[in-house]
Amino acid sequence: MDAEMKAQGFVHKYGSNVDTDVIIPARYLNTADHKELAAHCMEDIDKEFIHRVKPGDLIVADHNFGCGSSREHAPIAIKAAGVSCVIAKSFARIFYRNAINIGLPILECPQASDGIRNGDEVSVDFDAGVITNLTTGEQFQAESFPPFIQNIIAKGGLLNSIAHQ
(Lines give C-alpha, C1' and ligand atoms only; values in the text may rest on other atoms or scores of the structure.)
Protein backbone atom coordinates (compact mmCIF):
# COMPACT_ATOMS: atom_id res chain seq x y z
CA MET A 1 0.00 0.00 0.00
CA ASP A 2 1.11 3.55 -0.57
CA ALA A 3 1.95 5.63 2.47
CA GLU A 4 -1.18 7.51 1.44
CA MET A 5 -3.54 4.60 2.13
CA LYS A 6 -5.85 6.08 4.69
CA ALA A 7 -9.54 6.16 5.42
CA GLN A 8 -11.68 8.71 7.19
CA GLY A 9 -15.38 8.81 7.82
CA PHE A 10 -18.20 8.37 10.26
CA VAL A 11 -18.94 5.12 12.08
CA HIS A 12 -21.90 2.80 11.71
CA LYS A 13 -21.69 0.54 14.77
CA TYR A 14 -23.02 -3.01 15.09
CA GLY A 15 -22.82 -5.80 17.64
CA SER A 16 -21.57 -9.38 17.50
CA ASN A 17 -22.41 -12.11 14.98
CA VAL A 18 -23.49 -9.86 12.12
CA ASP A 19 -23.97 -12.54 9.50
CA THR A 20 -23.77 -12.37 5.74
CA ASP A 21 -27.56 -12.85 5.51
CA VAL A 22 -28.12 -9.43 7.12
CA ILE A 23 -25.19 -7.80 5.33
CA ILE A 24 -26.78 -8.74 2.00
CA PRO A 25 -30.01 -10.74 2.23
CA ALA A 26 -30.21 -13.89 0.10
CA ARG A 27 -33.17 -12.53 -1.87
CA TYR A 28 -30.75 -10.15 -3.64
CA LEU A 29 -28.11 -12.71 -4.60
CA ASN A 30 -29.53 -13.12 -8.09
CA THR A 31 -27.52 -10.11 -9.26
CA ALA A 32 -23.82 -9.49 -9.70
CA ASP A 33 -24.41 -5.73 -10.06
CA HIS A 34 -22.38 -4.10 -7.30
CA LYS A 35 -24.63 -1.00 -7.15
CA GLU A 36 -27.71 -3.17 -6.76
CA LEU A 37 -26.03 -5.15 -3.96
CA ALA A 38 -25.01 -1.88 -2.26
CA ALA A 39 -28.59 -0.62 -2.41
CA HIS A 40 -29.62 -3.47 -0.07
CA CYS A 41 -26.53 -3.56 2.16
CA MET A 42 -27.40 -4.08 5.84
CA GLU A 43 -31.13 -3.59 5.21
CA ASP A 44 -32.23 -6.53 7.38
CA ILE A 45 -30.32 -5.22 10.41
CA ASP A 46 -30.47 -1.46 9.73
CA LYS A 47 -33.01 -0.26 7.17
CA GLU A 48 -31.60 3.29 7.26
CA PHE A 49 -27.94 2.30 6.70
CA ILE A 50 -27.97 2.79 2.93
CA HIS A 51 -29.58 6.24 3.36
CA ARG A 52 -27.07 7.34 6.03
CA VAL A 53 -23.80 5.87 4.71
CA LYS A 54 -21.52 8.27 2.88
CA PRO A 55 -18.40 7.45 0.85
CA GLY A 56 -15.51 6.85 3.23
CA ASP A 57 -17.63 5.86 6.24
CA LEU A 58 -16.60 2.89 8.36
CA ILE A 59 -18.36 -0.04 9.98
CA VAL A 60 -17.28 -0.97 13.51
CA ALA A 61 -18.55 -4.19 15.07
CA ASP A 62 -17.95 -6.59 17.92
CA HIS A 63 -17.10 -10.29 17.54
CA ASN A 64 -17.48 -12.60 14.53
CA PHE A 65 -18.44 -10.04 11.87
CA GLY A 66 -19.42 -11.71 8.58
CA CYS A 67 -20.33 -15.12 9.96
CA GLY A 68 -22.75 -17.41 8.11
CA SER A 69 -22.70 -18.11 4.40
CA SER A 70 -19.43 -17.80 2.55
CA ARG A 71 -20.86 -15.42 -0.05
CA GLU A 72 -18.46 -12.92 -1.55
CA HIS A 73 -21.48 -10.67 -2.10
CA ALA A 74 -21.29 -9.46 1.53
CA PRO A 75 -17.96 -7.60 1.35
CA ILE A 76 -18.80 -6.49 -2.21
CA ALA A 77 -22.04 -4.89 -0.98
CA ILE A 78 -20.20 -3.14 1.88
CA LYS A 79 -17.45 -1.81 -0.39
CA ALA A 80 -19.92 -0.76 -3.12
CA ALA A 81 -21.96 1.12 -0.50
CA GLY A 82 -18.92 3.34 0.00
CA VAL A 83 -17.58 1.88 3.24
CA SER A 84 -13.81 2.43 3.39
CA CYS A 85 -13.00 -0.01 6.19
CA VAL A 86 -14.55 -2.48 8.62
CA ILE A 87 -13.11 -2.68 12.12
CA ALA A 88 -14.18 -5.48 14.45
CA LYS A 89 -13.06 -7.47 17.46
CA SER A 90 -12.97 -10.51 15.16
CA PHE A 91 -14.12 -11.63 11.72
CA ALA A 92 -15.47 -14.91 10.43
CA ARG A 93 -12.59 -16.56 8.56
CA ILE A 94 -14.26 -16.76 5.15
CA PHE A 95 -15.52 -13.16 5.33
CA TYR A 96 -11.98 -12.05 6.25
CA ARG A 97 -10.51 -13.71 3.16
CA ASN A 98 -13.34 -12.59 0.87
CA ALA A 99 -12.87 -8.99 2.03
CA ILE A 100 -9.17 -9.10 1.17
CA ASN A 101 -9.92 -10.81 -2.15
CA ILE A 102 -12.21 -7.95 -3.22
CA GLY A 103 -10.02 -5.19 -1.74
CA LEU A 104 -12.12 -4.20 1.28
CA PRO A 105 -9.80 -3.13 4.12
CA ILE A 106 -10.63 -4.79 7.43
CA LEU A 107 -8.88 -4.52 10.77
CA GLU A 108 -9.20 -6.57 13.94
CA CYS A 109 -8.88 -4.33 16.97
CA PRO A 110 -10.92 -5.14 20.11
CA GLN A 111 -9.89 -1.90 21.83
CA ALA A 112 -11.14 0.20 18.90
CA SER A 113 -14.40 -1.74 18.83
CA ASP A 114 -14.91 -0.97 22.51
CA GLY A 115 -13.77 2.67 22.29
CA ILE A 116 -15.62 3.83 19.19
CA ARG A 117 -19.30 4.76 19.22
CA ASN A 118 -21.90 5.00 16.49
CA GLY A 119 -21.52 8.36 14.72
CA ASP A 120 -17.91 8.99 15.82
CA GLU A 121 -15.56 10.28 13.15
CA VAL A 122 -12.58 7.96 12.68
CA SER A 123 -9.43 7.93 10.58
CA VAL A 124 -7.31 4.89 9.78
CA ASP A 125 -3.70 4.76 8.65
CA PHE A 126 -3.50 1.32 7.07
CA ASP A 127 0.30 1.22 6.80
CA ALA A 128 0.78 1.84 10.51
CA GLY A 129 -2.41 0.11 11.66
CA VAL A 130 -3.32 3.24 13.63
CA ILE A 131 -7.01 3.95 14.19
CA THR A 132 -7.79 7.44 15.51
CA ASN A 133 -11.16 8.38 16.93
CA LEU A 134 -11.26 12.01 15.81
CA THR A 135 -14.32 12.62 17.98
CA THR A 136 -12.56 11.69 21.25
CA GLY A 137 -8.88 11.94 20.24
CA GLU A 138 -8.26 8.36 21.35
CA GLN A 139 -5.89 6.19 19.28
CA PHE A 140 -5.87 2.42 18.87
CA GLN A 141 -3.24 0.12 17.43
CA ALA A 142 -4.36 -2.65 15.10
CA GLU A 143 -1.97 -5.10 13.52
CA SER A 144 -1.19 -3.88 10.03
CA PHE A 145 -1.32 -6.25 7.07
CA PRO A 146 1.87 -7.74 5.69
CA PRO A 147 3.06 -6.09 2.44
CA PHE A 148 1.56 -8.72 0.10
CA ILE A 149 -1.93 -8.19 1.56
CA GLN A 150 -1.44 -4.39 1.54
CA ASN A 151 -0.69 -4.75 -2.18
CA ILE A 152 -3.87 -6.76 -2.80
CA ILE A 153 -6.02 -4.16 -1.04
CA ALA A 154 -4.23 -1.21 -2.67
CA LYS A 155 -4.84 -2.69 -6.12
CA GLY A 156 -8.56 -3.19 -5.39
CA GLY A 157 -8.52 -6.95 -4.84
CA LEU A 158 -6.75 -10.20 -5.60
CA LEU A 159 -7.59 -10.39 -9.31
CA ASN A 160 -6.47 -6.79 -9.92
CA SER A 161 -3.24 -7.37 -8.03
CA ILE A 162 -2.46 -10.44 -10.17
CA ALA A 163 -3.33 -8.59 -13.39
CA HIS A 164 -0.96 -5.74 -12.49
CA GLN A 165 2.11 -7.74 -11.47
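The values are calculated or read from the model by the stated rules, or taken from the named source; none is laboratory data. The structure displayed is predicted, hence computed values, not measured ones. All Cβ positions, even for glycine, are placed from backbone atoms using ideal geometry, and neighbour counts span all protein chains on display. For the accessible areas, the whole protein counts, side chains as well, though only heavy atoms, and no ligand, DNA or RNA atoms are used. Shrake-Rupley method; radii C 1.70, N 1.55, O 1.52, S 1.80 Å.
Each of residue 33 and residue 127 was given a label point 7 Å from its Cα along the Cα-to-Cβ line. The distance between the two points is 3.9 nm.
How do 122, 22 rank by accessible surface area computed with a 1.4 Å probe, from largest to smallest?
Output order, biggest surface exposure first: 22, 122.
Straight-line reach only, C-alpha to C-alpha below 21 angstrom: list the lysines that residue 35 could link to, leaving out same-chain residues fewer than 8 apart. Excluding near neighbours in sequence, the set is 47, 54, 79, 155. Element breakdown for the chain at a 1.4 angstrom probe: carbon and sulfur atoms account for 50% of the accessible area. Taking 7 Å steps out from each Cα toward its Cβ at residue 118 and residue 8 produces label points 2.5 nm apart. Kirkwood hydrodynamic radius computed over the stretch 16-86 comes to 11.8 Å, based on all pairs of distinct alpha carbons. Grab every C-alpha pair in the stretch 15-165, bin the distances at 10 angstrom width from 0 up to the longest one, and report whole percents. In whole percents, the pair-distance histogram is 12, 42, 37, 9, 0. Annotation: extensible slack from residue 50 through residue 159 equals 36.5 nm (criterion: 0.36 nm per residue apart, minus Cα-Cα distance).
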